[in-house]
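Below is one structure, written out as structure tokens; comments come after it.
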Amino acid sequence: MADERIVNTQQIYPKDFSWGLWPVVPLYPYGRRQTIRQEVLKDTIWNFDQIQGIFYVVVPIRMTVVKLETGGLLVYAPVAPTPECMRLVNELVVKHGNIKYIILPTISGIEHKVFVGPFARYFPTAQVFVAPHQWSFPLNLPLSWLGLPSKRTQVLPEDSSKTPFADEFDYAMLGPIGLGPGRFAEVAFFHKRSHTLLVTDSVLSIPEDPPAIVLLDRYPLLFHAKDDASDLVVDSQANRCKGWQRICLFALYFQPRALDIRRWGQVLQDSLKAPERSRKAYFGLYPFKWQSDWQRSFDALRGNGRLFVAPILQTLILNRAPKETIDWADKVASWDFEWIISCHFDSPIKAQAHQFRQAFSFLEKQPVSGGLFSSSSYPLPEEDFKALREIDTGLNKFGIVPAAKEKV
């Protein structure tokens, strides 16, 4: 795996960022999405990063492109095919061959699913493979109605040896996990030649500093670096990091222990003192109050760059199927990977199979201590899970989702 990262820095124009279908999934930055291409392994693997979020809680969303030994390219989890993104992809196509396979590795992640059809239309000879048991809400529509090309879209077979790329990739399917009105599933891909694992949402690692794609638009970072509505935050490295670390806590906990939500009467009163009351600044509204020790929650979450499962998945999804999840993690951990590329946050992550398996120890009654499957980095601070536990209790109370099962 290359130590140096090659990032596209060519001059671009605003129209290159255009994403006209943003109203389908109206996430920030809406119709203007920038892309950074990073060469992860020379002439073999590339990441394409964009951002997405709500209320300036912005995190990377990532597509991975892998060169096939037989020529051509495989795409894992497409991002928005903006003019800029397509230019960067086509530069690889000219050099390494056409897109042969496009993979949709999730069934519940609408933020991933929405891009597959539009992306596939740019490559009319590419075969599209999707995770089994796809669904949509509020109506369960055929894949063709969701924009996927009907004549060249097929479901990934349970047996990975049945695919045309079996010589180069293995994969393991998690789920579907029943969640009441919907389901969760993910397909992890293992690229044998580079010893690289591709995952969607199952595991991640948090960088201490904001990623390059987030730095292209610093306003969200500075917005969340504020301590009060009246603050005028200076654009500095310290404030960018401060904003990024708080964004991570928002994105993964919703409301960690160190975050208080102010009463709306006080919020409206404070907004009158805000130095900026534009629409971009939410008219001066800033309902957040961070406790002085908020960074302790971030340090515990990051854990010196460790690999972990997002608190949302721990609390609301994977605990509905602990045995199935552990079995899947065991299968993935049987591969000899050295790098992990996740669709969110940091990438690539230097990690081995036992570290991946360890990340799922929260589902076990008695995780193995010491040795390969040490659980020394777990659990995450229980006090930061309070808001997620309350959401879980409410969903169970009204019978919206099934109850969590006992640990294995």
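The values are calculated or read from the model by the stated rules, or taken from the named source; none is laboratory data. On a predicted model such as this, the values are computed, not experimentally measured, just so you know. Cβ placement follows ideal geometry from the backbone for every residue including glycine, while neighbour counts extend to all protein chains displayed. Ligands, DNA and RNA are stripped out before the accessible areas are found, and what is left, the full protein with its side chains, is counted by its heavy atoms. Shrake-Rupley method; radii C 1.70, N 1.55, O 1.52, S 1.80 Å.
Which one is surrounded by the most Cβ atoms within 10 Å (Cβ to Cβ) among residues in segment 18-69 that are assigned to a loop (DSSP other than H, G, I, E, B) and free of Cβ contacts under 8 Å to residues at least 24 places away in the same chain? Explain how you work it out, then say what you get.
The initial filter retains those residues of segment 18-69 that are assigned to a loop (DSSP other than H, G, I, E, B), namely 19-21, 25-27, 29-31, 33-35, 42-44, 55-56, 68-69.
Within this subset, residues satisfying the condition of being free of Cβ contacts under 8 Å to residues at least 24 places away in the same chain are 20, 26, 30-31.
Numbers: G20: 10, P26: 9, Y30: 12, G31: 14.
Only one residue tops the list, namely G31.
Of the conditions (1) within 21 Å of the chain's Cα centre (by Cα); (2) modelled with pLDDT under 95; (3) within 17 Å of H191 (Cβ to Cβ); (4) among the β-branched types (V, I, T), T70 satisfies every one except a single condition; which number is it?
(1)
Output the number of the condition that K242 fails; it satisfies all remaining conditions of (1) assigned to a helix (DSSP H, G or I); (2) under 20 Å from P29 (Cβ atoms).
(2)
Counting only residues that are open to solvent by less than 20 Å² (accessible area, probe 1.4 Å) and not hydrophobic (A, V, I, L, M, F, W, C), which one in segment 169-192 is modelled with the lowest pLDDT?
So the first thing to find is which residues in segment 169-192 are open to solvent by less than 20 Å² (accessible area, probe 1.4 Å), and the list is 169, 171-172, 174, 177, 182, 184-191.
Narrowing further to those that are not hydrophobic (A, V, I, L, M, F, W, C): 171, 182, 186, 191.
Details: Y171: 97, G182: 83, E186: 96, H191: 98.
The selected residue is G182.
Looking only at residues in segment 274-326 that are in a helix (DSSP H, G or I) and of a type in the set (K, R), which one is least open to solvent (accessible area, probe 1.4 Å)? Before the answer, list the steps.
Step one: filter segment 274-326 for residues in a helix (DSSP H, G or I), giving 282-284, 294-302, 311-316, 318-320, 322-326.
Within this subset, residues satisfying the condition of being of a type in the set (K, R) are 296, 302, 320, 323.
Working: R296: 130, R302: 52, R320: 11, K323: 119 Å².
Applying the filter and picking the extreme gives R320.
Looking at the structure I just gave you, is F129 open to solvent by less than 40 Å² (accessible area, probe 1.4 Å), more than 23 Å from Q38 (Cα to Cα) and either aromatic (F, W, Y) or free of Cβ contacts under 8 Å to residues at least 24 places away in the same chain (or both)?
Numbers: open to solvent by less than 40 Å² (accessible area, probe 1.4 Å): yes; more than 23 Å from Q38 (Cα to Cα): yes; either aromatic (F, W, Y) or free of Cβ contacts under 8 Å to residues at least 24 places away in the same chain (or both): yes.
Taking the combined requirement at face value, the residue satisfies it.
Restricting the search to segment 70-81, which residues are over 27 Å from W244 (Cα atoms) and either open to solvent by less than 10 Å² (accessible area, probe 1.4 Å) or of a type in the set (A, V, I, L, M) (or both)? Steps first, answer last, please.
Taking segment 70-81 as the starting set, the residues that turn out to be over 27 Å from W244 (Cα atoms) are 70-75.
Correct list: G72, L73, L74, V75.
For the structure I just gave you, tell me whether G147 is open to solvent by 20 Å² or more (accessible area, probe 1.4 Å), over 24 Å from T70 (Cα atoms), touching a Gly at 6+ places or on another chain (Cβ under 8 Å) and in contact (Cβ under 8 Å) with a residue 24 or more places away in the chain.
Values: open to solvent by 20 Å² or more (accessible area, probe 1.4 Å): yes; over 24 Å from T70 (Cα atoms): yes; touching a Gly at 6+ places or on another chain (Cβ under 8 Å): yes; in contact (Cβ under 8 Å) with a residue 24 or more places away in the chain: yes.
Yes; evaluated as a whole, the condition is true for this residue.
Which condition does I110 not pass, out of (1) open to solvent by 20 Å² or more (accessible area, probe 1.4 Å); (2) farther than 30 Å from R279 by Cβ, if it passes all the others?
I110 satisfies all of (1) open to solvent by 20 Å² or more (accessible area, probe 1.4 Å); (2) farther than 30 Å from R279 by Cβ except (2).
Residue by residue through segment 83-101, note down the ones that are out of contact with any Leu (no Cβ under 8 Å at 6 or more places or on another chain) and either buried (at least 23 other Cβ atoms within 10 Å of the Cβ) or under 14 Å from E168 (Cβ atoms) (or both). Break it down stepwise before answering.
Quick first cut of segment 83-101, residues out of contact with any Leu (no Cβ under 8 Å at 6 or more places or on another chain) only: 83-91, 94-95.
Across segment 83-101, the qualifying residues are E84, C85, V89.
Residue by residue, here is whether (1) closer than 30 Å to G180 by Cα; (2) of a type outside the set (G, A, S); (3) in a helix (DSSP H, G or I) holds:
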site	(1), (2), (3)
S347	no, no, no
Q366	yes, yes, no
D392	yes, yes, yes
V401	yes, yes, no
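Output the strands (runs of 3 or more DSSP E) that fall wholly within segment 149-226 and possess 1 or more residues being farther than 27 Å from R121 by Cβ, or say none. Break it down into steps so the answer makes sense when it comes.
Numbers: elements: 153-155, 169-178, 183-191, 196-199.
Where strands (runs of 3 or more DSSP E) fall fully within segment 149-226 and carry at least 1 residues being farther than 27 Å from R121 by Cβ, they are 169-178, 183-191, 196-199.
What single numbered condition from (1) over 29 Å from Q352 (Cα atoms); (2) modelled with pLDDT of 95 or more fails to hold for H195?
(1)
Restricted to segment 117-126, and to residues that are in a helix (DSSP H, G or I) and more than 16 Å from P23 (Cα to Cα), which residue is most open to solvent (accessible area, probe 1.4 Å)? Can you show your working first?
Here is the first cut: in segment 117-126, the ones in a helix (DSSP H, G or I) are 117-121.
Filter once more, so that each one left must be more than 16 Å from P23 (Cα to Cα): 119-121.
Numbers: F119: 0, A120: 0, R121: 143 Å².
Checked segment 117-126; the qualifying residue most open to solvent (accessible area, probe 1.4 Å) is R121.
Consider only pairs whose beta carbons are under 7 Å apart and that are at least six residues apart or on different chains; among these, list those whose first residue lies in segment 76-103 and is touching a residue at least 12 places away in the same chain (Cβ under 8 Å) and whose second residue is among the charged types (D, E, K, R) and open to solvent by 30 Å² or more (accessible area, probe 1.4 Å).
P83/K15; L88/R37; H96/K67
Looking at this structure, is H344 over 19 Å from E406 (Cα atoms) and open to solvent by 30 Å² or more (accessible area, probe 1.4 Å)?
Here the answer is no, as H344 does not meet what is asked.
Output the residues belonging to segment 299-313 that are over 15 Å from the mean Cα position of the chain (by Cα) and touching a residue at least 60 places away in the same chain (Cβ under 8 Å). So that I can check it myself, show each step before the final result.
Quick first cut of segment 299-313, residues over 15 Å from the mean Cα position of the chain (by Cα) only: 299-306.
Within segment 299-313, A300, L301, R302, G303, G305, R306 qualify.
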